[in-house]
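Everything on this sheet refers to the single structure shown next.
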Amino acid sequence: HEHGEVASRIVSQSLAQYLRDHVNPEEIVSDQVLGEALEAAYQALDQADDEAAKKMGTTLCLLLFHRGGLTTMHIGDSRIYHVRPSAKKLLYQSKDHSLVYDLYQAGEISYEEMATSPQKNIITRALGVDYRLEPEFATAQLHSGDILLLCSDGLTNAVPKEQLEQLLRTGKFYDLPDLLIRTANENGGPDNITALLLCVEEVR
């Protein structure tokens, strides 16, 4: 989509403002509230496009911490990972909204073939198109030491699934940012890489 970096900024700012104004993190937050926040972001994009011939678009990964635990919301092929290093376990990985992931789920290509497919950049959902698309929600309970990763396909296309999970399960949180980027570059990753890591220090 056109001007992805502009769309990304508008969506981030709009979602953050709506959630600051309408959410009390000391209460349990419903998916409906997140859906309302997403509608506000769609309206902000519509206003910014102002009848443009080509709509701006962006993927979305969102984490919301509240009294009920963690709620995630995503659209597109950027990913969310939830890892519990103490159990050496990957608890959650968001499903890509992409053509190759649909083909993988249908059994037409292998997981490894997704990374090399010439169709790997075709996504099936994005914010900013002419109609409203439903996001996917997930909820989780958090433990101290849990690690959360939000990242673009620049990272996941360059670092194979097993290697990425192994790096996250080590639990060496403060080494992970450089380690993930270095591994992607060593694997010949050609794309821009965006990654945000969070570690849960305490659950009250």
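The values are calculated or read from the model by the stated rules, or taken from the named source; none is laboratory data. On a predicted model such as this, the values are computed, not experimentally measured, just so you know. Glycine also receives a Cβ, built like all others from the backbone with ideal geometry; neighbour counts cover every protein chain displayed. Side chains are part of the model used for accessible areas, which takes the heavy atoms of the whole protein and leaves out ligands, DNA and RNA. Shrake-Rupley method; radii C 1.70, N 1.55, O 1.52, S 1.80 Å.
Observations, loosely collected:
- Test: Lys88 is within 27 Å of Ala41 (Cβ to Cβ), basic (Lys, Arg) and out of contact with any Phe, Trp or Tyr (no Cβ under 7 Å at 6 or more places or on another chain): no
- When residues in segment 86-112 are screened for being part of a loop (DSSP other than H, G, I, E, B), more than 18 Å from the chain's Cα centre (by Cα) and acidic (Asp, Glu), 1 of them pass.
- Given (1) modelled with pLDDT of 85 or more; (2) closer than 30 Å to Asp46 by Cβ, index of the condition Ile122 fails: (1)
- Which numbered condition Leu198 misses (of (1) under 22 Å from Ser86 (Cβ atoms); (2) without any contact (Cβ under 8 Å) to a residue 60 or more places away in the chain; (3) surrounded by fewer than 17 Cβ atoms within 10 Å (Cβ to Cβ)): (2)
- Tabulated pairs, segment 58-69, first at positive phi, second of a type in the set (Val, Ile, Thr), C-beta under 9 angstrom, 6+ apart or interchain: Gly69/Ile28; Gly69/Thr139; Gly69/Val203
- Counted residues, segment 44-62 - those being polar (S, T, N, Q) and either surrounded by 18 or more Cβ atoms within 10 Å (Cβ to Cβ) or at pLDDT 90 or above (or both): 2
- Meets criteria (surrounded by fewer than 20 Cβ atoms within 10 Å (Cβ to Cβ) and over 25 Å from Gln13 (Cα atoms)) for Leu103: yes
- The single condition from (1) closer than 23 Å to Asn192 by Cβ; (2) open to solvent by 60 Å² or more (accessible area, probe 1.4 Å); (3) of a type in the set (Val, Ile, Thr) that Thr139 fails is (1).
- Every residue from segment 3-24 that is exposed (fewer than 13 other Cβ atoms within 10 Å of the Cβ) and not in a helix (DSSP H, G or I): Asn24
- Residue ID - nearest to Val29 (Cα to Cα), chosen from residues in segment 70-89 that are surrounded by fewer than 20 Cβ atoms within 10 Å (Cβ to Cβ) and touching a Lys or Arg at 6+ places or on another chain (Cβ under 7 Å): Pro85
- Strands (runs of 3 or more DSSP E) lying entirely in segment 113-199 (those with 1 or more residues that are in contact with a Cys (Cβ under 7 Å, 6 or more places away or on another chain)): 147-151, 195-199
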